[in-house]
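Since the structure comes first, as structure tokens, the remarks are kept for the end.
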Amino acid sequence: MYIENIKSPSDLKGLDIKALKIVADETRAAVLNRVSKHGGHVGPNLGFVEATVALHYVFNAPEDKFVFDVSHQCYPHKVLTGRASGFLGNVDDMNAISGYSSPAESPVYDNFEVGHTSTSVSLATGLQKARDVKGTKENIIAIIGDGSLSGGEAFEGLNEASELGTGIIIVVNDNEMSIAENHGGIYKNLRALRESKGECKHNWFKAWGFEYKYLEEGNDVEKLIEIFKSVKDTDKPTVVHIHTEKGHGFQPAVDNKEGWHWGMPFNLADGSRPATPAFDSYEQLYSDWMLREMKKDPTLIAVTAGTPAAAGFTPAKRKEAGSQHIDMGIAEEQAVAMASGMAKGGLRPVWTVYSTFIQRTYDQIAQDLCINSNPAVINVAWGGTGTMNDITHICLFDIPMLCSIPGLIYLAPTNCEEYFAMLKWAILQDKKPIAIRIPSNGVIHTSDKVDEVYSYESKYKVTHKGSKVAVIAAGSFYQKGENVVKILAEKGIDATLINPRYLNEVDATTLDSLKANHKLVVTLEDGCKDGGFGERVASYFSASDMKVLVGGVKKDLYDRFDVHQLLSDNRLLDEQIVEDILEII
């Protein structure tokens, strides 16, 4: 094999075209070996193999700088930059290699930690400016695709690259897809450029002031080398638009591009995936519920931003919803502002977004939505410790972020029935923007009656009244609170248990009622405790004699953490919480 002996891109330089094609085949096989055993991004990486071989053959990394967008396409790059063991070895070797561009892993070849989207051109313009100031001559290459051009920062980066006016190469990897299908006007022009082999009269990139080259055969190593050689060492802002095939070389990924964007391990021989036990998911329950309600209410609009799977809107469900489902591509800022406008116009929008991606639109939530008090609804999915765990996809910061925005009510249901009751109320009310943190610890049902109407003021729910110790357990950690109270009861302590329901502000009446016969209040939240719900409770009691134990995850940038270990390190295992309570009282 060639790739076992490729320790750096310089090892490609002496190879002829025939050998480079073999390298591409071996790299694709290595990527497939990893994703079939370890899971990860399948289709986007397979489609960018030949381009990666050609880029590293033509350019001279690490002197020349590559900046990957989203990192969905960086696996072949890793194979060719000394990390082939993470693709050819055992699962432990694979675990050592992240699924994203990471200078912590390879400070020589990976320039940025990148996992969110639309950032590559902006980051590259920074390198471009640094090079220009220093007077050096390296090539700066931004690689963007998989729907990243729909994000506003991509436009900002292109705007600045054109303004700087010096050499930068932007490789537009056009595989006709985002995570799902593409959305946005820019993709209409990309299609026109594809259909005209780059000769379309209306060229979005030329209008911005870029030199432009098009290659239809984006999976042909030889032709890729030719086009990259033609732009190497350019002194002008240049776009190289290549038409690739998502999933190239693996037929199941070609046939079902959305389904094979990312996946768990699978059988490489036939593409079959292990059977999974049937279970309820909030994605399925929510999308089914929305489709039923949409038929009764034409003003109800399901909104997604490039990740329709977060809301359970499969291709079939998107088709059924028709115009009542809107996906604006990977553009969270647009999602919030548009939802605010729809609510102002009399519609009932519900935007569903993964916790990690809501970080991209703080200002729109604060300015466009909350200042205007428009009654849009935000579903926050996968918030907490038990979901995504890469450093670029941590889902621990939505509580501190959203609760810092005045005018936003942030609800934390503890079970399925409570979630849908909150959702119905949030959609029907017309006074405030409401965010709901979908439980991330599985679909848990209750036979207890749940409230159907909620106040605009925080009102906690005391589910068990005891004394001495009060446990206030929010959302996905409510069941942990139940466990703690049960263990305390076994030790002779009848603790109060409270479902706070509201994360954005404290319920002063309930907290004041605890002062008479409680010595300790324990808060539990499935997220970052710094700036979170529990610290707000602790601040409320700061002038009193009440002791407060704040339970949550310490603020940090965790990478590929083990959930049990993270909970243990933060004293969040049930037994640890009980130990700490007993020590305090």
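None of the figures in this text is laboratory data; all of them are computed from the coordinates on show. If you're wondering where the values come from, they're calculated on a predicted model, not measured in any experiment. Cβ coordinates were reconstructed from backbone atoms using ideal geometry, including for glycine residues, and neighbour counts include every protein chain displayed.
Scale the Cα Rg of segment 282-437 by the rule-of-thumb value 2.2 N^0.38 Å and send over the ratio, two decimals.
Values: Rg = 14.2 Å, N = 156, 2.2 N^0.38 = 15.0 Å.
Dividing the Cα radius of gyration by 2.2 N^0.38 Å gives 0.94.
Evaluate the relative contact order of segment 185-254 (contact order divided by residue number), counting alpha-carbon pairs under 8 angstrom at least 6 apart; express in whole percent. Intermediate results must be reported in sequence, preceding the final value.
On the way: 73 pairs, mean separation 19.9, N = 70.
Here the relative contact order equals 28 percent.
How many nm separate the modelled label positions at Asp448 and Ala269, each set 7 Å beyond the Cα in the direction of the Cβ?
For the pair Asp448/Ala269, the computed spacing is 5.1 nm.
Considering Cα pairs under 8 angstrom that are at least six residues apart, work out the relative contact order of the chain and quote it in whole percent. Kindly include the intermediate steps, with their values, before the conclusion.
Working: 1239 pairs, mean separation 58.4, N = 585.
Relative contact order for the chain comes out at 10 percent.
So what is the orientation-averaged projected area of the chain, using the convex hull of its C-alpha atoms, in nm²? Before the final figure, lay out the partial values.
Details: hull surface 113.3 nm².
Spelled out: convex hull of the Cα atoms, projected over all directions, averaged, 28.3 nm².
For segment 267-279, just list the computed ³J(HN,Hα) in residue order, Karplus coefficients 6.51, -1.76 and 1.60, θ = phi - 60°, integers in Hz, with x standing in for Gly and Pro.
These are the phi-based 3J(HN,Hα) values: 7, 5, 5, 10, x, 6, 10, x, 5, 10, x, 5, 8 Hz.
Could you list the chymotrypsin sites (Phe, Trp or Tyr not before Pro) in segment 278-343 that lie in coil according to DSSP, counting only those with at most 13 other Cβ atoms within 10 Å of their Cβ?
Listed in order of number, the matching sites are Phe279.
Using only DSSP helix segments of four residues or longer, with each worth -39500 (n - 2.57), what per-residue ellipticity at 222 nm results for the chain after dividing by its residue count and rounding to 500?
Details: 23 runs with 213 residues, N = 585.
Rounded to the nearest 500, the figure is -10500 deg cm²/dmol.
What do the square roots of 5 times the Cα gyration tensor eigenvalues come to for segment 26-79, in whole Å, largest first, as semi-axes of the equivalent ellipsoid? Present the calculation step by step, with values, prior to reporting the outcome.
On the way: eigenvalues 84, 27, 15 Å².
Equivalent-ellipsoid dimensions as semi-axes: 20, 12, 9 Å.
Roughly how compact is segment 501-585, stated as its Cα Rg over 2.2 N^0.38 Å to two decimals? Write down the numbers at each step before the final one.
On the way: Rg = 13.8 Å, N = 85, 2.2 N^0.38 = 11.9 Å.
Taking N as the residue count of segment 501-585, the ratio is 1.16.
Would you kindly state how much longer the chain becomes between Asn517 and Val91 on full extension, computed as 0.36 nm times their sequence separation minus their alpha carbon distance, in nm to one decimal?
Details: separation 426, 0.36 × 426 = 153.36 nm, distance 5.37 nm.
Separation in residues times 0.36 nm, less the Cα-Cα distance, equals 148.0 nm.
Tell me the relative contact order for segment 282-437 as a rounded percent, counting alpha carbon contacts under 8 Å between residues six or more apart.
Numbers: 283 pairs, mean separation 32.5, N = 156.
Rounded, it is 21 percent for segment 282-437.
Name the long-range amide H neighbours of Val548: under 5 Å, sequence gap of 5 or more, or other chain; modelled H, no Pro or chain starts.
Hits under the 5 Å cutoff: Val521.
I'd like the distance separating the alpha-carbon centroids of segment 312-387 and segment 21-81, in whole Å.
The distance from the Cα centre of segment 312-387 to that of segment 21-81 comes to 33 Å.
Counting other Cβ atoms within 10 Å, keep those with at most 15, restrict to DSSP loop, and tell me which trypsin sites (Lys or Arg not before Pro) in segment 347-440 are left. Let's see the in-between values first.
Details: sites: Arg360, Lys424, Lys431, Arg437; in loops: Lys431.
Sparse-neighbourhood loop trypsin sites (Lys or Arg not before Pro): Lys431.
If you place +1 on the Cβ of every Lys and Arg and -1 on the Cβ of every Asp and Glu, how big does the dipole about the Cα centre of the chain come out, in debye to the nearest 20?
Working: 59 positive and 78 negative charges, 149 e Å.
The dipole of the chain has a size of about 720 debye.
Please label the shape of segment 422-576 as rounded, prolate or oblate, based on the square roots a ≥ b ≥ c of the eigenvalues of the alpha-carbon gyration tensor (a/c under 1.5 means rounded; beyond that, a/b larger than b/c means prolate, else oblate). Could you put the intermediate results ahead of the total?
Working: a/c = 1.37, a/b = 1.11, b/c = 1.24.
Rounded.
Enumerate the calculated ³J(HN,Hα) couplings along segment 250-256 in order (Karplus 6.51 cos²θ - 1.76 cosθ + 1.60, θ = phi - 60°), each rounded to whole Hz, writing x wherever the residue is Gly or Pro.
9, 4, x, 6, 6, 5, 10
Treating the Cα atoms of segment 187-281 as identical point scatterers in vacuum, please give the log10 of the normalised Debye intensity I(q)/I(0) at q = 0.12 Å⁻¹, two decimals.
-0.58
Could you tell me what % of all Cα pairs in segment 3-263 have separations over 27 Å?
Working: 10161 of 33930 pairs.
Above the 27 Å cut-off, segment 3-263 has 30 percent of its Cα pairs.
Check Thr119: other-chain or 5+ apart residues with amide H under 5 Å from its amide H, H built from backbone geometry?
Under 5 Å from the amide H of Thr119: Val70.
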